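The values are calculated or read from the model by the stated rules, or taken from the named source; none is laboratory data. All values reported here derive from a predicted model rather than from experimental measurement. Positions of Cβ are generated from backbone atoms using ideal geometry, with glycine treated the same way; all protein chains shown enter the neighbour counts.
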Ligand SMILES: Cc1cc2nc3c(=O)[nH]c(=O)nc-3n(C[C@H](O)[C@@H](O)[C@H](O)COP(=O)(O)OP(=O)(O)OC[C@H]3O[C@@H](n4cnc5c(N)ncnc54)[C@H](O)[C@@H]3O)c2cc1C
Ligand code: FES
């Protein structure tokens, strides 16, 4: 759905992240939310109907970018810059306050 | 930690205010949830200075370089990647950074937290593949990301035009552009003379529209836009001249203007006024940017949409206002006069009445089957039903349907629920109040709260 302009310009990606366990090249400046738009099957599933959602606002006001990052659930992906080696998994169900 | 002032937001307004305060010898800490300064307009401006997207983002964007340089040079304590989730009397600012919570105390607070795009629900807006124009622009500014496939834009206002230009500049493609703005009214045109004070601004807009027309991809006078697909956006449809049109679409970007971020000032109990033309609440402030709560100041788009130039001047004015409030023995009126801040603000505001009159929010009623609350998946139909069964109050609808109770806390559905309650009760929208906003402003985990260190006095 999206691609980086850098992909055509730089020979090598800036870092590697693991999306649902799969090695994925990534670029400086990207957030977890931009990965959700580039890689299939990591968008959060809603707790009500279970349908899949993808990031909508990219600025912290819709919570459609929730993901499990390095084992921590309910991370707001659009506010989380990528780091080399980061592990990103699909968020299923409700964010539990108190987890 | 304790400061004279905590500024929330490192956009044009927050940076200008902080620089002003530091110049006057006032201790200030600036907190922002983004990883670098710049706010919405200048997001990623420092990192992008050496990137191929820098040129394509345009002149206004490039001006951010000097603003962020001045901000860093002023020796201000700056806490990036930190979300403020509560402000308590006294003033105590609670924030989370890197999974840990902290509390900072201050004598005064400046909320320079900016705007968000106005959520406008329509059939299919929750489908993967549909997102806002602002979101796409943020992706461009933060990772150089371009949308692929058949990209359609549907919306009104300066931002979609600006984004389309930036995208084309970088070799991206727009398959079509649905202009949802209403025909310019006489009232809008009556603002033209004032707008000429901002001639370059007006020319820029005209140039965008002209480029678009020439591309032959502009669609106008449309009704009932829908996005369809099974679990993924596949098509859009709309009606025009009594006929239904369909197009295959990969990405649909929507935008209907921006509104102030009011959750912070609402939770603080500041008085707000209803802007009936632009259909939003904004905190009521005095000529120094101070709200109805002493020591709480607002600057920039958070106080009413004005754009980055107005945000900058209002930040400088609020900086002086806060210095005046702190009673540090300066003549704030004189400094304000000498810097000609009121003239600057007037000039920066010149184009706004025209823009506000040209791009009024859509008033079409939301169809019953459309999801309004994205978090709890509540449709307009259920909200209407609950509204019919209760007093004209959004709180009652919230209790009956759970809409507004999800993690976004009504940031997406708030104005739609207000409009639906008004519609059912035959009331002017402004007569219906907004959701009651209570802290925490963002969901906070117990783990985060457990890291909270003792609050220093
Ligand atoms: C998505 C989007 C894109 C835009 N793009 C453009 C553009 O390209 N050109 C243009 O002229 N105008 C643009 N605008 C309009 C924009 O509002 C500018 O006019 C300008 O950025 C306003 O400056 P500001 O300082 O008032 O707020 P902003 O620049 O929005 O800065 C507010 C800052 O506060 C931070 N913040 C908010 N809440 C919290 C919190 N709870 N905790 C911590 N930090 C917080 C945000 O991260 C942000 O950095 C855009 C608006 C939006 C919503
Ligand atoms: S994409 Fe909306 S909150 Fe992250």
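Here is how the numbers come out for the structure above:
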quantity: Those strands (runs of 3 or more DSSP E) lying entirely in segment B:229-300 with at least 1 residues under 21 Å from the mean Cα position of the chain (by Cα) and within 30 Å of residue B:107 (Cβ to Cβ); calculated: B:258-260, B:272-275, B:280-283, B:296-298
quantity: Selection status of residue A:75, touching a strand residue (DSSP E or B) at 6+ places or on another chain (Cβ under 6 Å), within 16 Å of ligand 2 (Cβ to nearest atom) and modelled with pLDDT under 95; calculated: yes
quantity: For residue B:322: the one exception among (1) farther than 19 Å from residue B:10 by Cα; (2) buried (at least 22 other Cβ atoms within 10 Å of the Cβ); (3) more than 15 Å from ligand 1 (Cβ to nearest atom); calculated: (1)
quantity: Selection count, segment B:401-418, where residues are in contact (Cβ under 8 Å) with a residue 40 or more places away in the chain and in a helix (DSSP H, G or I); calculated: 3
quantity: Selected residue [away from ligand 1 (no atom under 13 Å from the Cβ) and within 9 Å of chain A (Cβ to nearest Cβ)] from B:126, B:132, B:105; calculated: B:126
quantity: Where a residue in segment B:300-312 is within 14 Å of another protein chain (Cβ to nearest Cβ) and its partner, wherever it lies, is away from ligand 2 (no atom under 16 Å from the Cβ), with Cβ under 7 Å and at least six apart; calculated: B:301/B:260; B:301/B:311; B:302/B:111; B:302/B:112; B:302/B:260
quantity: Unique match (being within 20 Å of residue B:37 (Cα to Cα) and in contact with a strand residue (DSSP E or B) (Cβ under 9 Å, 6 or more places away or on another chain)) among B:69, B:115; calculated: B:115
quantity: Check on residue B:439, surrounded by 15 or more Cβ atoms within 10 Å (Cβ to Cβ), assigned to a loop (DSSP other than H, G, I, E, B) and more than 24 Å from the chain's Cα centre (by Cα); calculated: no
quantity: Residues located in segment B:255-295, provided they are within 12 Å of ligand 1 (Cβ to nearest atom) and at positive phi; calculated: B:257, B:289
quantity: Counted residues, segment B:42-55 - those being surrounded by fewer than 24 Cβ atoms within 10 Å (Cβ to Cβ) and more than 9 Å from every other protein chain (Cβ to nearest Cβ); calculated: 5
quantity: Residue identified as modelled with pLDDT of 95 or more and within 16 Å of ligand 2 (Cβ to nearest atom) among B:79, B:34, B:86; calculated: B:34
quantity: Residues of segment A:43-72 that turn out to be more than 13 Å from ligand 2 (Cβ to nearest atom) and at negative phi, as a count; calculated: 9
quantity: Selection status of residue B:43, within 24 Å of the chain's Cα centre (by Cα), within 20 Å of residue B:141 (Cβ to Cβ) and within 16 Å of ligand 2 (Cβ to nearest atom); calculated: yes
quantity: Boolean, residue B:311 is assigned to a helix (DSSP H, G or I), under 13 Å from the mean Cα position of the chain (by Cα), under 11 Å from residue B:111 (Cβ atoms) and within 13 Å of ligand 1 (Cβ to nearest atom); calculated: no
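Okay, residues lined up against (1) crowded, with 23+ Cβ neighbours inside 10 Å; (2) more than 13 Å from chain A (Cβ to nearest Cβ); (3) within 30 Å of residue B:368 (Cα to Cα); (4) without any contact (Cβ under 8 Å) to a residue 24 or more places away in the chain:
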site	(1), (2), (3), (4)
B:119	yes, no, yes, no
B:140	yes, no, no, no
B:145	yes, no, no, yes
B:154	yes, yes, yes, no
B:165	no, yes, no, no
